[in-house]
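Enquirer: Here it is, the structure, as structure tokens.
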Amino acid sequence: SSSLLSLGIAVGSSRLAFGLLKQTGKHGRPLALAAAITMGVWLTQYVGLGAMVVRDIDYSPGAEALLYLLQFIGVYLSLRLFLHCWDRPCAARVDWRLLTALPISLALVGTQTAAQGAVAIHYFTSPSTLEAAGGYLAVNMWVALTLVVAGYTVAGILLFMARQDRHSVEQARSLSERRYDALFSAHPDFIAVHDQDGLILNVNQAAKKLLDRETQDLLDRRLSDFLLPDDAVRAERMFANLLHTGNSTEYDACARRSDGQLVILHVTHVPVVQDGHVSGAFSICTDVTRRRRLEQELIATRRHFHVLEKNISDLILITDVHGVIRYASPSHERLLGLASEECIQSAITTLVHPADADIVKAALHRMVQEPSPLQIDIRFRKGNVKKESATEWLSLEVRWGSALDAGGNVTEFVMVARDLTDRKKAEEVMLQAEKLSVVGQLAAGLAHEVRNPLTSIKGFLQLLFEQNTDKPHYFEIVFAELQRIEDIMSEFLVMSKPHLKVFQSGDICTIARETVALMSAEAHLRNVEFLVSAPMEPARIWCDAGKVKQVLINLAKNAMDAMPQGGSLRLDVERQADERIAIRVSDTGVGIPEDQLARLGTPFFTTKQTGTGLGLTVSQKIVQDHGGELTIQSTVGVGTVATVILPLEHPALA
């Protein structure tokens with residue numbers, strides 16, 4: 001029964017100690033635990049002594065109090081060492097575990113040994129034996145006390161070192177907390193601390209400034225409360241995902257300030273994990289309003305530039321100060337037949353005519369010294385820059401500008417080159433028009449001045465012919481030449497007089513057949529086969545039928561003149577898909593050299609020995625007045641094809 005009682009006391013004291021461990025404050029835990037365990041050991045020993053069958057037991061109150069005081073100190077030291085290592089890496093070390101158990105172990109051994117000196121037990125035996133045992137036990141008590149005191153001294157030193165270490169750790173933790181508070185308060189970004197439900201527990205100064213709200217207006221609210229509706233839904237979804245996965249998440253959201261102004265925030269949620277569970281989160285919000293607007297403007301600028309570079313017909317080149325190409329627009333492929341990639345990292349001098357390379361180098365050097373715009377004409381190579389056999393060149397008007405850095409130094413050159421082909425054609429057309437205008441003015445005066453004396457000459461020659469008939473062939477030659485002069489004057493007048501245009505609906509197929517019928521006799525005399533091919537259904541045009549017929553007659557005469565030995569002459573009328581009609585006059589004559597084709601239509605230029613060079617000029621003017629165009633293609637030794645393109649009559653004019 002005494003053993004069961006001792007066991008009950010031991011279990012009860014242990015249970016009391018663990019209960020005090022949960023309910024006692026941080027600093028009172030070791031004292032409460034030591035008191036509970038010491039009381040349990042004392043009661044257990046007291047019950048054990050009371051159960052012994054002896055004659056008498058004498059107690060020494062002072063020695064026994066000292067005994068249990070040493071036991072209390074040992075238990076207290078062990079508990080302090082144990083609590084110190086509770087949440088530190090030393091808890092896993094074996095040597096620290098042994099040191100933690102040393103004070104309480106020495107206390108128990110010392111109590112068991114020294115108790116014999118504090119208690120005098122009188123057995124039912126002889127006194128001499130008891131006195132000898134008492135002397136032996138007294139010696140053991142002092143040995144045990146010495147060991148206990150030595151152990152306590154070592155444990156005290158260890159506990160002092162542990163306290164110093166804990167003090168250093170607490171100082172470092174306090175310094176870290178102060179630094180954290182300083183960083184949290186002074187951080188330029190909006191930082192909020194959330195609990196597990198997403199409610200804001202704390203915010204820094206930047207949060208109040210960014211949202212223009214006081215701290216009390218932000219606490220115990222959710223971040224989504226300050227976002228626009230769509231962004232608020234996404235924010236809640238992101239926070240829920242953070243709680244579920246424990247992973248950081250980030251996104252952009254639009255918030256509304258108290259003054260109604262909108263700001264774009266880049267939100268980053270960082271989880272706070274305790275014991276493997278997410279207990280809250282930090283939200284770091286950066287104001288990216290200006291950055292996002294700049295990004296949108298940059299995207300729009302790039303999109304506009306992409307549209308421009310895809311559709312602009314001019315060449316755009318960006319080179320460094322040494323003339324090495326850094327950028328080439330896609331228009332290089334349309335104008336020069338070069339892909340942009342072929343031009344990049346090449347020197348600009350590899351694209352230009354060798355004779356213009358020095359001009360380009362001089363221009364680059366000049367713009368480095370004096371960064372002012374420059375304009376020059378340069379011939380560019382058409383075809384691959386690596387093919388030295390390319391001989392086709394395109395003349396371009398180049399405008400150069402300089403790109404400067406913050407220090408005013410030239411870093412790049414921007415070149416915009418424009419094709420001059422259309423301009424030169426326009427200049428040639430203007431020059432041709434000026435020539436025709438001059439010829440018209442000259443013809444108007446010359447025709448009036450020449451016709452009057454020419455009439456007198458013809459009259460007097462007729463009288464002379466009637467009086468001198470012995471040599472009629474002389475007079476025939478003179479009359480023929482005078483008629484030739486009249487014909488030239490008539491063509492002059494056609495060019496000079498502003499004729500009244502009387503247009504009406506006409507069938508070009510009928511006009512073509514009438515022209516063939518009119519010229520068939522002359523073609524037969526010249527041994528020329530004159531054929532016509534025209535649709536049976538009418539092809540009506542808005543025209544002056546007489547003028548159109550004159551054009552076809554002039555072209556037919558030119559074709560016959562090109563076949564002095566005879567040949568084949570065709571007049572073909574064909575409809576085209578673009579609501580136009582094509583009239584082709586083709587012959588099998590000697591042809592026209594390529595270098596002379598470009599000059600056809602120029603006043604007084606002719607390939608015939610007896611021509612005036614005005615017939616084709618008059619024909620071109622008539623075709624232009626009808627809104628059409630006249631083109632001539634020829635191959636020497638094969639023949640010539642003259643094509644007249646005229647617009648068909650609009651249904652509204654029919």
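Enquirer: If packing is taken as the average number of other Cβ atoms within 10 Å across a peptide's residues, how do 360-366, 272-278 rank, most packed first?
Expert: Details: 360-366: 16.7, 272-278: 10.4.
Final packing ranking: 360-366, 272-278.
Enquirer: Given the peptides 290-300, 584-594, arrange them by the average over their residues of other C-beta atoms within 10 Å, most packed first. Kindly include the intermediate steps, with their values, before the conclusion.
Expert: Working: 290-300: 10.8, 584-594: 19.0.
Order by mean packing, descending: 584-594, 290-300.
Enquirer: So if each residue of separation counts as 0.36 nm, and I subtract the Cα-Cα distance between Tyr251 and Glu579, what length gain in nm does that give?
Expert: On the way: separation 328, 0.36 × 328 = 118.08 nm, distance 6.01 nm.
Gain on stretching Tyr251 to Glu579: 112.1 nm.
Enquirer: Assuming 0.36 nm per residue, please report the length gained on full extension of the stretch Gln296 to Gln504 beyond their Cα-Cα distance.
Expert: Details: separation 208, 0.36 × 208 = 74.88 nm, distance 6.00 nm.
Gain in length upon complete extension: 68.9 nm.
Enquirer: At 1.4 Å probe size, what's the solvent-accessible area of Trp542? Round to the nearest 10 Å².
Expert: Rounded to the nearest 10, the figure is 100 Å².
Enquirer: Segment 273-419: Rg/Rh from Cα coordinates, Kirkwood Rh?
Expert: Ratio value, two decimals: 1.26.
Enquirer: Beyond 21 Å, what percent of the Cα pairs of segment 174-314 remain? Mind dumping the intermediate values first?
Expert: Numbers: 4891 of 9870 pairs.
Of all Cα-Cα distances in segment 174-314, 50 percent exceed 21 Å.
Enquirer: Taking every pair of Cα atoms in segment 257-356, average 1/r, invert it to obtain the Kirkwood radius, and report Rg/Rh to two decimals.
Expert: Details: Rg = 25.1 Å, Rh = 18.5 Å.
Over the Cα atoms of segment 257-356, Rg/Rh equals 1.35.
Enquirer: Compute the length gained on full extension between Phe460 and His353: take 0.36 nm times their separation in residues and subtract their Cα-Cα distance, giving the result in nm to one decimal.
Expert: Value of the extension gain: 32.0 nm.
Enquirer: Now a separate question. Using the basic label-point model (7 angstrom from Cα toward the beta carbon), what is the His365 to Gln216 distance in nanometres?
Expert: 7.9
Enquirer: How big is the accessible area of Phe305 in square angstrom, nearest 10, if you roll a 1.4 angstrom probe over the protein chains?
Expert: Approximately 90 Å² for this residue.
Enquirer: Given that compact globular proteins tend to follow 2.2 N^0.38 Å, what is the ratio of the alpha-carbon Rg of segment 243-298 to that value?
Expert: 1.45
Enquirer: Report, in listed order, any pair from Lys382/Lys621; Lys425/Lys557; Lys382/Lys424; Lys310/Lys425; Lys310/Lys382 with a Cα-Cα distance greater than 23 Å.
Expert: Those over the limit are Lys382/Lys621; Lys425/Lys557; Lys310/Lys425.
Enquirer: Quick one: ranking Thr38, Thr349 by accessible area, 1.4 Å probe, largest first, what do you get?
Expert: Correct descending sequence by accessible area is Thr349, Thr38.
Enquirer: How much of the accessible area of segment 218-364, in percent, comes from carbon and sulfur atoms when a 1.4 Å probe is used?
Expert: On the way: 4380 of 8090 Å².
Roughly 54 percent, rounded to a whole number.
The values are calculated or read from the model by the stated rules, or taken from the named source; none is laboratory data. Model, not experiment: these values are computed from the prediction. Every residue, glycine as well, gets a Cβ built from its backbone with ideal geometry; the counts of neighbours run over all protein chains shown. For the accessible areas, the whole protein counts, side chains as well, though only heavy atoms, and no ligand, DNA or RNA atoms are used. Shrake-Rupley method; radii C 1.70, N 1.55, O 1.52, S 1.80 Å.
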